[in-house]
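Reading through the structure tokens given below for one structure.
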Amino acid sequence: SQLAFHTRVTIDDVFVEGISKVSANDVLAAKDMGYVIKLLAISERLADDSVVVRVHPAMIPRSHPLASVREAFNAVFVVAEAAGSLMFYGQGAGGAPTASAVLGDVVAVARNKISGNRGPGESIYADLEIKPIGQAQTSYYISLQVADKPGVLAQISQKIADHNVSIETVRQDGLVNDAQLVIKTHKALEKDLAKTLDELKNLDSVKEISDYMRVEGEN
């Protein structure tokens, strides 16, 4: 079915996943790999001039500017075609910052009311097609508990490749009777990564998919 064109992004257009599934093991794994975990809201313009909008936790490199945003601070990171990377940073929580933002909105409304003007509307890109998260290009961190026997890694690698996903790095740690595989993929379509996870769950050699998370902020 064809996707409708929207004049603006509504809540129904946004994929939302909270932080409840983020575990202590995820935090430790991110640290070992040189990443930190942040809750990101991402609006991405694709090559075909459509848009994907999503909110979810993600691993980002420790060197990324957003990695240093902590506590009551928020940041907006913009990648522009000509201007490059820009970040706007400041307090987003707490009594005084919140009161300042609310009062600023009230003042703007009062000024517009007195002058008979209206606030800014949609941008010139307001009629871009909004696509589901399955069309986003993402990388994945996947942690699996697998049977510790010959051929398992090759079997898992083949299943991943079958869905047009390639492995960037893989680490294997031995356990008592099993092994733990930690895999990081290259960028691929989100829908292909979701199919890959479903296929891995059905393998007899995979005891459990312990964790998985999107990886953002890389070139």
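Values in this text are rule-based calculations from the coordinates and carry no lab data. Small disclaimer: the values here were computed from a predicted structure and weren't measured. Reconstructed Cβ throughout: ideal geometry from the backbone, glycine too, with neighbour counts over all protein chains shown.
Listing for the model above:
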| quantity | calculated |
| --- | --- |
| Residue 76/residue 46 FRET efficiency (R0 22 Å; Cβ-Cβ; nearest 0.05) | 0.65 |
| Local net charge near residue 172, Cβ-Cβ under 11 Å (Lys/Arg +1, Asp/Glu -1) | -2 |
| Alpha-carbon centroids, segment 56-75 and segment 200-219: separation in whole Å | 22 |
| P(r) of segment 23-130 over all Cα-Cα pairs, binned every 5 Å from zero, in whole percent | 2, 9, 12, 16, 17, 17, 14, 7, 3, 2, 1, 0 |
| Net lengthening on full extension, residue 164/residue 33 (0.36 nm per residue, minus Cα-Cα) | 44.8 nm |
| Tail weight of P(r) past 23 Å, computed on alpha-carbon pairs of the chain, percent | 59 |
| Whole-Hz couplings from phi, Karplus 6.51/-1.76/1.60, listed for segment 61-75; x for Gly and Pro | x, 4, 7, 6, x, 5, 5, 8, 7, 9, 6, 7, 8, 10, 8 |
| Helical segments meeting 20 Å axial Cα length and Kyte-Doolittle -0.5 threshold in the chain (DSSP H) | 95-115 |
| Amide H contacts under 5 Å for residue 186, placed H, 5+ residues apart | 166, 167, 168 |
| Top positive-direction residue, dipole computed over the chain with Cβ charges, set 37, 97, 9 | 97 |
| Residue with peak Gaussian network fluctuation, the chain [Cα springs, cutoff 10 Å], from 138, 169, 185 | 169 |
| Added length on full extension, which subtracts the Cα-Cα distance from 0.36 nm per residue, residue 23 to residue 118 | 29.7 nm |
| Rg over Rh [alpha-carbon atoms, Kirkwood Rh] for segment 94-160 | 1.40 |
| In segment 33-104, the GluC sites (Glu not before Pro) that fall in loop regions by DSSP, at most 12 other Cβ within 10 Å | 71, 81 |
| Values of log10 I(q)/I(0), in the order q = 0.10, 0.25 Å⁻¹, for segment 118-219 under a Debye, Cα-only, solvent-free model | -0.35, -1.38 |
| Relative contact order %, the chain, counting alpha carbon pairs below 8 Å whose residues are six or more apart | 22 |
| 12 Å beta-carbon shell around residue 17, net charge (K/R +1, D/E -1) | +2 |
| Amide H contacts of residue 40 (H built 1.01 Å from N, under 5 Å, at least 5 apart or other chain) | 56, 58 |
| Other-chain or far-sequence residues with amide H under 5 Å of residue 136's (modelled H) | 190, 191 |
